[in-house]
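Each remark here refers to the structure printed beneath this line.
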Amino acid sequence: MRRRGFISLLGFAAAVGASLISSAGAETVHVRRIGALLGISDQDPQAQPRVTAFLNQLQDLGWVKGRDFTIDVRFGASDPSRLRAEAHDLVSSAPDVILSQSNLATATLLSETTSIPIVFTVAGDPVASGFIKSLARPGTNATGFTSFEPPLAQKWVQFLKEVAPQVGRVGLVLHPETVANVKFVEAAESAAESLGLRPMRIGVHDAAEIKERVGEFAAAPESGLVVFPSPVTNQHRELLVALAERHRLPAVYAFRYFADQGGLLSYGIDVVDQYRRAAVYVHRILKGEKPGDLPSQQPSKFELVINLKAAKSLGLIVPAALQVAADQVIE
């Protein structure tokens, strides 16, 4: 009896041990699935550095691609129908978490799911856009990193007047359907009026409209531009920079890659850094935290870039104090 009992006990222990080993093995090989929907084109030179920064940060946090996670990256540029199709497919695949970039991409994803965690980047005014309930307590399935606040629009107008004091009217180039642009424009208009400038809204949706409306605006003398951030203006940045040069319009932009491509001056966030920070939130969500409990964070790092070559072609002399304050001066 004792021997049989002992043998039975050994058999039971072996079975339990095998079960535990099997369970532990299942945990170690459990691969998490990350989705990503970016509001830029896959042909955009900025696309790969952003994805790489995100993946490198995950690796620094201990995640090994292929062993611990897979990632499905989709691109929608500024095309609403393409974004809807990509968002639907991505949500249907039921990833553990989704990274998004741009207000349009985030809004499209949230129309598809209220349960899959979403970490957004480069999102303007996520509260007014309906993504979250508050910055401190998002309270939804989304959280992430904001790109711009209204005071920045005031800075764009101030920089334009400082670098081009002869300007008397300012064209505010924006995508009208981008909700975050509403407060930006109001802030820019207020700043323009305080500086004695006459503001004019230039709503655009595609390349043809950009050419037409900027050309019409440039017909009057002493004009300058402030280009607001949106998937539309970012996608057509080469065209906007070329038009500003052709029509001899001093222009201020929200992202440094406008200045890198020949634009006069840019002031805004470090976009790549937002992807690194987003990776930290994805890490925390995969470890069990809820997006609704993770505060949406405002930008803390800004870059001022001045292109002296563009200034020279416009006959402008950039104040020395402004050059000293710049993070980068392109000769």
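So, of the residues in region 78-93 that are in a helix (DSSP H, G or I) and small (G, A, S), which turns out to be farthest from N234 (Cα to Cα)? Can you show your working first?
Quick first cut of region 78-93, residues in a helix (DSSP H, G or I) only: 80-92.
If we keep only those that are small (G, A, S) as well, we get 81, 85, 87, 92.
Numbers: S81: 18, A85: 21, A87: 20, S92: 29 Å.
Going through the qualifying residues, I end up with S92.
Quick one: count up the residues across region 271-306 that are more than 20 Å from F131 (Cβ to Cβ) and in contact with a Leu (Cβ under 6 Å, 6 or more places away or on another chain).
The number of residues fulfilling the criteria is 2.
Under 8 Å between Cβ atoms, which residue pairs at least 6 apart in sequence (or on different chains) link something in region 252-277 that is touching a residue at least 12 places away in the same chain (Cβ under 8 Å) and more than 15 Å from Q235 (Cβ to Cβ) with a partner that is hydroxyl-bearing (S, T, Y) and assigned to a helix (DSSP H, G or I)?
S266/Y257
Inside region 26-68, can you point out the residues that are farther than 17 Å from P117 by Cβ, among the basic types (K, R) and touching a residue at least 12 places away in the same chain (Cβ under 8 Å)?
Across region 26-68, the qualifying residues are R50, R67.
Residues in region 142-157: is at least one part of a loop (DSSP other than H, G, I, E, B), free of Cβ contacts under 8 Å to residues at least 60 places away in the same chain and either in the same structural domain as V214 (by TED's automatic domain parsing) or among the polar types (S, T, N, Q) (or both)?
Let us first name the residues in region 142-157 that are part of a loop (DSSP other than H, G, I, E, B), namely 147-149.
Checking which are free of Cβ contacts under 8 Å to residues at least 60 places away in the same chain leaves us with none.
The answer is no, given that none of the residues of region 142-157 is part of a loop (DSSP other than H, G, I, E, B), free of Cβ contacts under 8 Å to residues at least 60 places away in the same chain and either in the same structural domain as V214 (by TED's automatic domain parsing) or among the polar types (S, T, N, Q) (or both).
Could you check region 161-188 and list, in sequence order, the residues that are assigned to a helix (DSSP H, G or I) and under 22 Å from H247 (Cβ atoms)?
The answer is K161, E162, V163, V185, A188.
Test each condition in (1) buried (at least 19 other Cβ atoms within 10 Å of the Cβ); (2) at pLDDT 95 or above; (3) hydrophobic (A, V, I, L, M, F, W, C) for A94 and report the one that comes out false.
(1)
So that you can scan it fast, the table gives a plain yes or no per residue for (1) within 22 Å of K290 (Cα to Cα); (2) at pLDDT 95 or above; (3) surrounded by 24 or more Cβ atoms within 10 Å (Cβ to Cβ); (4) out of contact with any Asp or Glu (no Cβ under 7 Å at 6 or more places or on another chain):
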| residue | (1), (2), (3), (4) |
| --- | --- |
| S111 | yes, yes, no, yes |
| V119 | yes, yes, yes, yes |
| T143 | yes, yes, yes, yes |
| E149 | no, no, no, yes |
| S190 | no, yes, no, yes |
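Is it true that A310 is outside the structural domain of I118 (by TED's automatic domain parsing) and at pLDDT 95 or above?
Answer is yes for this residue.
The values are calculated or read from the model by the stated rules, or taken from the named source; none is laboratory data. Treat the numbers as computed from the prediction; the structure is a model and nothing was measured. Every residue, glycine among them, receives a Cβ derived from its backbone with ideal geometry; neighbour counts consider all protein chains shown.
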